[in-house]
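A quick write-up on the structure given underneath.
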Amino acid sequence: MKTRLFKLVILVAFFATIRGTNGADKAKFDGFVWTDIRGLGVEGRAFDDTKDFYNRLPARAEKTVRGSVWGLSRHSAGMAVRFVTDAKSLKVRWTLTSAKLEMVHMAATGVSGLDLYAKDTDGKWKWVNVARPTRATNEFTLFSGIPSGNREFLLYLPLYNGVKQVELGVPSGNSFAKAPAYPKARAKPLVFYGTSITHGACASRPGMCHPAILGRRLGHPVVNLGFSGNGKMELEVGKFIAEIDAAVYILDCLPNITASDVTTRTIPLVNYLREKRPNTPILLVEDRNYADSWLIASKRNRNETSQAALKAEYKKLKVRGVKHLYYLEGDKLLGEDTEGTVDSSHPNDLGFWRQANAFEAVLRTIPGF
């Protein structure tokens with residue numbers, strides 16, 4: 001009887017150990033070694049003093065920004081991790097903060113998925129795979145059986161969901177390390193402040209929104225401070241933006257504010273950023289034209305009045321001698337046809353690609369880019 005009881009205790013302890021293992025220990029059972037990406041240096045985190053690790057604003061912002069902004073700041077939009085491995089197989093497992101995986105006009109792969117790129121032999125980023133979520137906690141094989149060799153990878157986190165934990169797994173015996181740091185000239189991030197479009201709606205996957213595309217093209221990390229429906233050019237948010245030592249501040253809030261707000265908020269925000277960061281370039285961006293504005297007069301009027309208001313404020317700032325100020329018109333952001341959106345407002349992947357082209361053309365005129 002004692003022997004049987006002893007065996008039962010050992011068996012229970014064994015299964016309890018399996019259930020309670022951390023990533024590294026679990027390699028004993030599935031042949032993979034798991035690494036929490038927090039130890040690899042997560043890009044897109046502009047603040048260390050966050051309430052939860054994958055938040056986009058610091059904990060102290062909860063008391064100063066509007067509740068909607070605070071809630072949206074807990075999405076992991078723009079965050080990514082770079083790493084180097086010689087593994088022929090790679091797995092990822094991640095736990096989301098919300099079980100709502102998709103939206104009616106945006107796929108689960110963009111809202112809650114993970115998006116993987118790798119550098120080719122010429123040093124260019126190329127897409128590899130997107131990890132498709134099916135529940136709050138997921139495990140996915142990103143690749144298996146690829147040719148041998150050491151490669152640098154870039155993994156984007158979800159756009160419209162938050163994450164509690166993300167781990168990467170490689171077969172035991174393979175190398176796995178943090179990627180090299182950016183060259184000093186490109187170490188500062190592109191900082192975007194904007195609306196749902198900046199946030200990433202409605203990219204099919206996280207790497208296809210224009211901030212991510214521009215990060216890859218220009219070779220800079222990215223900080224995405226897009227807040228869906230709540231990019232309102234608010235000084236309360238601007239004060240946190242000014243804490244970030246950026247390569248450029250990109251202010252793209254017109255889709256969420258009317259002409260009168262543009263007139264009252266643009267100069268105070270630009271002046272504050274210029275006071276705190278005298279030499280950091282600032283790019284003012286007009287809103288994209290609604291795809292159906294050619295037919296609907298109210299939408300056309302909304303675009304035209306807000307764009308005219310921003311241009312007027314830009315001219316005032318230039319007359320006042322504000323330096324390092326740049327401007328992007330909205331007319332060509334989505335292209336010259338009407339195929340760039342899912343709902344006349346939010347870009348599809350084609351629309352984001354076209355936006356990235358328009359942004360890049362202006363950013364390349366800034367010294368250092």
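The values are calculated or read from the model by the stated rules, or taken from the named source; none is laboratory data. The shown structure was predicted, so the numbers you read here are calculated from the model rather than taken from an experiment. Glycine also receives a Cβ, built like all others from the backbone with ideal geometry; neighbour counts cover every protein chain displayed.
Checked against the criteria, Ser298 counts as part of a helix (DSSP H, G or I) and in the same structural domain as Glu339 (by TED's automatic domain parsing). The C-beta contact set for region 335-350 (first residue under 14 Å from Cys209 (Cβ atoms), second residue among the basic types (Lys, Arg) and not in a loop (DSSP other than H, G, I, E, B), distance under 7 angstrom, 6+ apart or interchain) comprises Gly340/Arg354. The residues on offer are Leu350, Leu317, Leu310, Leu334, and the sole one that is assigned by TED's automatic domain parsing to the domain that holds Met208, within 24 Å of the chain's Cα centre (by Cα) and not in a loop (DSSP other than H, G, I, E, B) is Leu350.
Residues of region 129-149 that are without any contact (Cβ under 8 Å) to a residue 60 or more places away in the chain and within 18 Å of the chain's Cα centre (by Cα): Asn129, Ala131, Arg132, Pro133. Residues that are within 18 Å of the chain's Cα centre (by Cα) and not in a strand (DSSP E or B) within region 150-181 comprise Leu157, Pro158, Leu159, Tyr160, Asn161, Gly162, listed in sequence order. Of the residues making up region 142-178, those that are of a type in the set (Val, Ile, Thr) and under 22 Å from Thr121 (Cα atoms) are Ile146, Val170.
If a residue must be on the phi > 0 side of the Ramachandran plot and of a type in the set (Gly, Ala, Ser), how many such residues does region 221-262 contain? Residues that pass the stated criteria total 1.
When Pro255 is tested against the conditions (1) closer than 19 Å to His324 by Cα; (2) touching a helix residue (DSSP H, G or I) at 6+ places or on another chain (Cβ under 8 Å), the lone failure is (1). Residues that are touching a residue at least 60 places away in the same chain (Cβ under 8 Å) and either among the charged types (D, E, K, R) or surrounded by fewer than 24 Cβ atoms within 10 Å (Cβ to Cβ) (or both) number at least 1 in the following helices (runs of 4 or more DSSP H) confined to region 190-293: 196-199, 210-218, 235-241.
From the list Ala177, Ala131, Ala108, Ala136, the one residue that fits, being touching a Lys or Arg at 6+ places or on another chain (Cβ under 8 Å), among the small types (Gly, Ala, Ser), surrounded by 12 or more Cβ atoms within 10 Å (Cβ to Cβ) and modelled with pLDDT of 95 or more, is Ala108. Candidates Gly67, Gly20: the one that is loosely packed, with under 12 Cβ neighbours inside 10 Å and at pLDDT below 95 is Gly20.
So that you can scan it fast, the table gives a plain yes or no per residue for (1) part of a strand (DSSP E or B); (2) on the phi < 0 side of the Ramachandran plot:
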residue: Asp48; (1), (2): no, yes
residue: Arg60; (1), (2): no, yes
residue: Gly71; (1), (2): no, yes
residue: Gly78; (1), (2): no, no
residue: Val92; (1), (2): yes, yes
residue: Gly110; (1), (2): no, yes
residue: Asp115; (1), (2): yes, yes
residue: Asp122; (1), (2): no, yes
residue: Val128; (1), (2): yes, yes
